[in-house]
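Working notes, structure below.
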Amino acid sequence: MKALRIYAGPAARKHIEQSGLRPQDVRTVPGAAGGPKGLILGPLDRFIFGRWLTQSSQQVHLVGASIGAWRLSTACLSDPEAAFQRFEHDYVRQQFEVPPGQKRLSPHQLSERFAESLVDFYGGRIGEVLNHPRYRLHVVTSRGRHILGREGRARTPFGYLGAFASNSVYRKSLGAWLERCVFSTPGAALPFGTQDFRTRQHALSEANFNMVLQASCSIPFLLAAVHDIPGAPRGAYWDGGITDYHLHLDYRTAHDAADEGIVLYPHFQRAVVPGWLDKGLRWRHKATGFLDRMVVLAPDPEWVKSLPNGKLPDRKDFIHFQNDAQARITAWGKATREAQRLSDEFEGWLANGRAPDVLPL
């Protein structure tokens with residue numbers, strides 16, 4: 001049984017049939033929200049950023065939300081293989097001790113601990129991310145509008161209820177409640193079109209990097225929103241996955257007719273779901289023309305069943321193993337070790353260039 005499946009949009013499949021897939025073909029790499037599911041991509045990240053893309057010299061745009069933004073920021077550090085090893089080690093072994101008298105940590109307590117972990121991980125190294133010679137980072141956040149412009153005990157649930165109801169009718173109407181706010185390497189143009197959804201772009205800086213990355217990972221009701229990010233409009237900023245869960249963006253507009261650039265997407269599933277609120281709306285999980293140049297690398301669902309508990313690591317494991325953190329750490333560690341097969345099979349496929357093995361996205 002193979003662990004890896006490779007899917008591609010029509011233009012990407014044609015490119016592979018004609019030329020194979022080479023590191024110099026890649027123009028954009030997205031990174032999805034999804035919490036611990038992103039751990040399964042660690043070996044692929046280490047191979048792609050540590051050994052494969054290093055064989056080329058073109059500019060590459062990295063577009064991430066939530067854990068995807070954290071992963072792709074890590075890719076911009078010097079010695080990315082070592083950086084990804086540390087990322088995986090720290091993420092798998094994170095534990096949240098609850099103070100006496102509490103059943104769980106409050107959103108503000110979780111946010112404080114997350115902020116400390118970002119300072120520890122990127123301390124003194126933000127310049128490496130912002131000044132990478134080739135990579136242009138784009139961190140997606142969701143900025144609240146109107147009632148969601150500030151966090152509050154009543155206004156936040158009411159606002160998200162309105163956002164959910166609006167989104168279920170028409171995705172673009174979600175923009176009345178939340179807007180896509182992208183923080184980018186200074187001077188970098190967005191590698192996707194923005195006609196699909198209300199969008200702002202701002203520059204990443206030493207002053208706002210940690211706040212932006214924390215905002216992109218701030219799941220409503222689980223973590224606190226990040227307010228008033230320097231260099232951007234005042235307001236509450238939440239997880240980028242709310243507006244762009246799997247970065248189903250219009251990547252076509254970033255390339256002219258003569259550009260055969262590929263969007264290479266290490267992902268944990270085949271479907272590229274537009275927003276977090278679309279998870280239950282199956283009709284929005286289909287591929288569109290936005291993804292014509294995309295190649296998705298994803299685990300085979302049957303192989304996933306062979307992992308601990310028959311699934312990818314996910315956020316529910318914190319609850320399932322709440323009284324036995326070591327059991328969770330052991331399960332996640334085994335899953336990430338097994339994920340080496342994804343990288344090995346991708347490397348083998350690149351060497352053999354078997355176009356028929358590529359499935360329609």
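Quick note: the coordinates plus some simple rules give every number you see, no bench work behind them. Every value quoted in this text rests on a predicted model; they were computed, and no experiment measured them. Neighbour counts run over all protein chains shown; Cβ positions are idealised from the backbone, glycine included.
Using 0.36 nm times the number of residues separating Lys14 and Arg153, minus their current alpha carbon distance, what extension gain do you get? Mind dumping the intermediate values first?
Working: separation 139, 0.36 × 139 = 50.04 nm, distance 5.16 nm.
Gain on stretching Lys14 to Arg153: 44.9 nm.
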In the Gaussian network model of the chain, springs joining C-alpha atoms below 10 Å, which of Ala215, Ala325, Ala298 carries the largest mean-square fluctuation? Ala325
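Take every DSSP beta bridge whose two residues both sit in the chain, then give the antiparallel share in percent to the nearest 5.
Values: 18 of 41 bridges.
Within the chain, antiparallel bridges account for around 45 percent of the total.
What is the ratio of the Cα radius of gyration of the stretch 205-346 to 2.2 N^0.38 Å, where N is its residue count, to two decimals? Each step should come with its number before you reach the end.
Numbers: Rg = 18.3 Å, N = 142, 2.2 N^0.38 = 14.5 Å.
This ratio for the stretch 205-346 stands at 1.26.
Rounded to the nearest 500, what is the 222 nm mean residue ellipticity of the chain from helices alone, with -39500 (n - 2.57) per DSSP H run of 4+ residues and division by all residues? Mind dumping the intermediate values first?
Numbers: 12 runs with 117 residues, N = 361.
Mean residue ellipticity, 222 nm, calculated: -9500 deg cm²/dmol.
Can you tell me the dipole magnitude for the stretch 189-252 around its Cα centre, using point charges on the Cβ only (Lys, Arg +1; Asp, Glu -1), in Debye to the nearest 20? Could you put the intermediate results ahead of the total?
Values: 4 positive and 6 negative charges, 26 e Å.
In debye, rounded to 20, the stretch 189-252 gives about 120.
Given R₀ = 45 Å, what would the calculated FRET efficiency be for Ile319 paired with Gln59, taking r from the Cβ atoms and rounding to 0.05?
Details: r = 42 Å, r/R0 = 0.93.
For R0 = 45 Å, the calculated efficiency reads 0.60.
Taking Rh as the Kirkwood radius computed over C-alpha pairs, what is the Stokes-Einstein D of the stretch 92-246 at 25 °C in a medium of viscosity 0.890 mPa s, expressed in µm² per second?
149 µm²/s
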Please build a GNM for the chain, connecting alpha carbons under 10 Å apart, and tell me which residue among Ala32, Ala225, Ala207 fluctuates the most. Ala207
Taking N as the residue count of the stretch 57-112, its alpha carbon Rg divided by 2.2 N^0.38 Å gives 1.56
Once amide hydrogens are built 1.01 Å from N within the peptide plane, the residues lying 5 or more places from Arg5 or on another chain with amide H under 5 Å from its amide H are Ala298, Asp300
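How big is D, in µm² s⁻¹, for the stretch 1-156 by Stokes-Einstein at 37 °C and 0.692 mPa s if Rh is the Kirkwood radius over C-alpha pairs?
Details: Rh = 18.1 Å.
For the chosen part, D equals 181 µm²/s.
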Percent of all alpha-carbon pairs of the chain at distances over 26 Å, whole number, is 48 percent
Non-local residues with an amide H under 5 Å from the amide H of Leu204, with H modelled 1.01 Å from N and Pro and chain starts lacking one, are Ser184, Thr185
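With +1 on each Lys and Arg Cβ and -1 on each Asp and Glu Cβ, how big is the dipole of the stretch 4-360 about its Cα centre, in debye rounded to the nearest 20?
So the dipole magnitude of the stretch 4-360 works out to roughly 1000 debye.
What's the magnitude of the charge dipole for the stretch 103-177 around its Cα centre, counting Lys and Arg as +1 and Asp and Glu as -1 at the beta-carbon? Answer in Debye, nearest 20.
Working: 13 positive and 5 negative charges, 74 e Å.
The dipole magnitude comes to about 360 debye.
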Check the straight Cα-Cα distances from Lys172 and name the aspartates and glutamates below 15 Å, setting aside those fewer than 8 residues away within the same chain. Asp196, Asp244, Asp250, Asp278
Which one of Trp283, Trp349, Trp70 has the biggest mean-square fluctuation once the chain is modelled by GNM with Cα springs under 10 Å? Trp283
For the stretch 149-183, list residues with backbone N below 17 Å from a point placed 7 Å from the Cα of Ser106 toward its Cβ? 151-157
Listed residues Trp52, Leu72, Gly38: farthest to the positive end of the dipole of the chain (Cβ charges): Gly38
Give me the lysines in straight-line cross-link reach of Lys305: C-alpha distance below 26 Å, same-chain residues under 8 apart excluded. Lys2, Lys37, Lys279, Lys286, Lys316, Lys334
Derived scalar couplings ³J(HN,Hα) [the stretch 124-137; Karplus, 6.51 cos²θ - 1.76 cosθ + 1.60; whole Hz; x for Gly, Pro]: x, 10, 4, x, 4, 5, 6, 10, 4, x, 10, 8, 10, 8
